[in-house]
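A.B. asks: After the structure tokens below, expect a handful of questions from me.
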Amino acid sequence: MKFRLIIDKDKDEEIVITARERSPLIDEIEALISKHLDRIPGYTEDDIKMLAISDIECVTVLDGKTYAIDSNNQRYRLKGRLYELENALPASFIRINKSALANEQALDRFAVAYTGAVDAVFKCGYREYVSRRCFAQIKRRFDNK
């Protein structure tokens with residue numbers, strides 16, 4: 001394997017990896033690079049929008065597809081599975097149920113229903129169910145801050 005780094009102030013930053021096949025090292029490099037990117041592509045039927053990670057309030061799976069909900073309560077389709085995005089997104093994204101991640105900075109409040117169910121209410125108005133197991137972890141996380 002060869003490694004080459006070229007620093008040129010006049011060129012746009014680009015990371016290119018040429019490999020014969022995918023390996024655990026390639027996966028690690030990809031995850032590391034993804035963690036340092038501040039934008040992620042979101043797809044609608046008509047176009048592609050580069051979403052700022054700080055604008056994403058929730059990442060959820062609907063009908064088997066992964067979506068990001070932004071601060072304007074707009075849905076954008078994301079490429080990749082939820083667990084891949086969970087590893088790539090910053091630590092401010094916390095799991096709130098089996099199929100959703102929440103940006104803790106975008107959480108407005110937790111609403112408790114009469115039945116005891118808990119919903120995460122985001123600043124944009126979107127609501128998502130919080131599982132009991134995840135709620136206990138979230139509570140511990142906020143208690144330690």
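The values are calculated or read from the model by the stated rules, or taken from the named source; none is laboratory data. Quick caveat, the model's predicted, so the values are computed rather than measured. Every residue, glycine among them, receives a Cβ derived from its backbone with ideal geometry; neighbour counts consider all protein chains shown.
A.B. asks: Which is part of a loop (DSSP other than H, G, I, E, B) and modelled with pLDDT under 85, of Glu14, Glu28?
C.D. replies: Values: Glu28 fails: part of a loop (DSSP other than H, G, I, E, B).
Matching residue, one of Glu14, Glu28: Glu14.
A.B. asks: Quick one: count up the residues across segment 117-128 that are within 15 Å of Ser99 (Cβ to Cβ), in contact with a helix residue (DSSP H, G or I) (Cβ under 9 Å, 6 or more places away or on another chain) and surrounded by fewer than 18 Cβ atoms within 10 Å (Cβ to Cβ).
C.D. replies: Looking only at that region, the number is 0.
A.B. asks: Grab the strands (runs of 3 or more DSSP E) fully contained in segment 42-106, keeping just those with 2 or more residues being in contact with a Ser or Thr (Cβ under 8 Å, 6 or more places away or on another chain) and under 16 Å from Ile138 (Cα atoms). Don't jump to the end; show me each part of the working.
C.D. replies: Details: elements: 48-52, 56-62, 65-70, 75-77, 93-97, 100-103.
Result: 93-97, 100-103.
A.B. asks: Here's a follow-up. Restricting the first residue to segment 12-26 and requiring it to be closer than 12 Å to Lys2 by Cα, which pairs with a second residue that is at pLDDT 85 or above and of a type outside the set (Gly, Ala, Ser) meet a Cβ separation below 9 Å and a spacing of at least six or different chains?
C.D. replies: Ala19/Leu25
A.B. asks: If Ser131 passes every condition in (1) at pLDDT below 90; (2) surrounded by 12 or more Cβ atoms within 10 Å (Cβ to Cβ); (3) among the hydroxyl-bearing types (Ser, Thr, Tyr) but one, which one does it miss?
C.D. replies: The one condition Ser131 does not meet is (1).
A.B. asks: What is the residue count in segment 52-77 for residues that are out of contact with any Leu (no Cβ under 6 Å at 6 or more places or on another chain), surrounded by fewer than 18 Cβ atoms within 10 Å (Cβ to Cβ) and either modelled with pLDDT under 90 or farther than 15 Å from Leu107 by Cβ (or both)?
C.D. replies: Of the residues in segment 52-77, 11 are out of contact with any Leu (no Cβ under 6 Å at 6 or more places or on another chain), surrounded by fewer than 18 Cβ atoms within 10 Å (Cβ to Cβ) and either modelled with pLDDT under 90 or farther than 15 Å from Leu107 by Cβ (or both).
A.B. asks: Search segment 38-59 for residues that are acidic (Asp, Glu) and pair each with any residue that is surrounded by fewer than 16 Cβ atoms within 10 Å (Cβ to Cβ) and not in a strand (DSSP E or B) when their beta-carbon atoms are under 9 Å apart and the residues are at least 6 apart or on different chains.
C.D. replies: Asp38/Ser54; Asp55/Asn72; Glu57/Asn73; Glu57/Gln105; Glu57/Lys123
A.B. asks: Is segment 86-104 home to any residue that is more than 12 Å from the chain's Cα centre (by Cα) and either basic (Lys, Arg) or surrounded by fewer than 16 Cβ atoms within 10 Å (Cβ to Cβ) (or both)?
C.D. replies: Scanning segment 86-104 turns up at least one residue that is more than 12 Å from the chain's Cα centre (by Cα) and either basic (Lys, Arg) or surrounded by fewer than 16 Cβ atoms within 10 Å (Cβ to Cβ) (or both).
A.B. asks: Next question. If you check Lys49 against the conditions, is it of a type in the set (Lys, Arg), at pLDDT 85 or above, touching a Gly at 6+ places or on another chain (Cβ under 6 Å) and surrounded by 10 or more Cβ atoms within 10 Å (Cβ to Cβ)? It would help to see each step written out before you state the result.
C.D. replies: Working: of a type in the set (Lys, Arg): yes; at pLDDT 85 or above: yes; touching a Gly at 6+ places or on another chain (Cβ under 6 Å): yes; surrounded by 10 or more Cβ atoms within 10 Å (Cβ to Cβ): yes.
For Lys49, the condition - of a type in the set (Lys, Arg), at pLDDT 85 or above, touching a Gly at 6+ places or on another chain (Cβ under 6 Å) and surrounded by 10 or more Cβ atoms within 10 Å (Cβ to Cβ) - is met.
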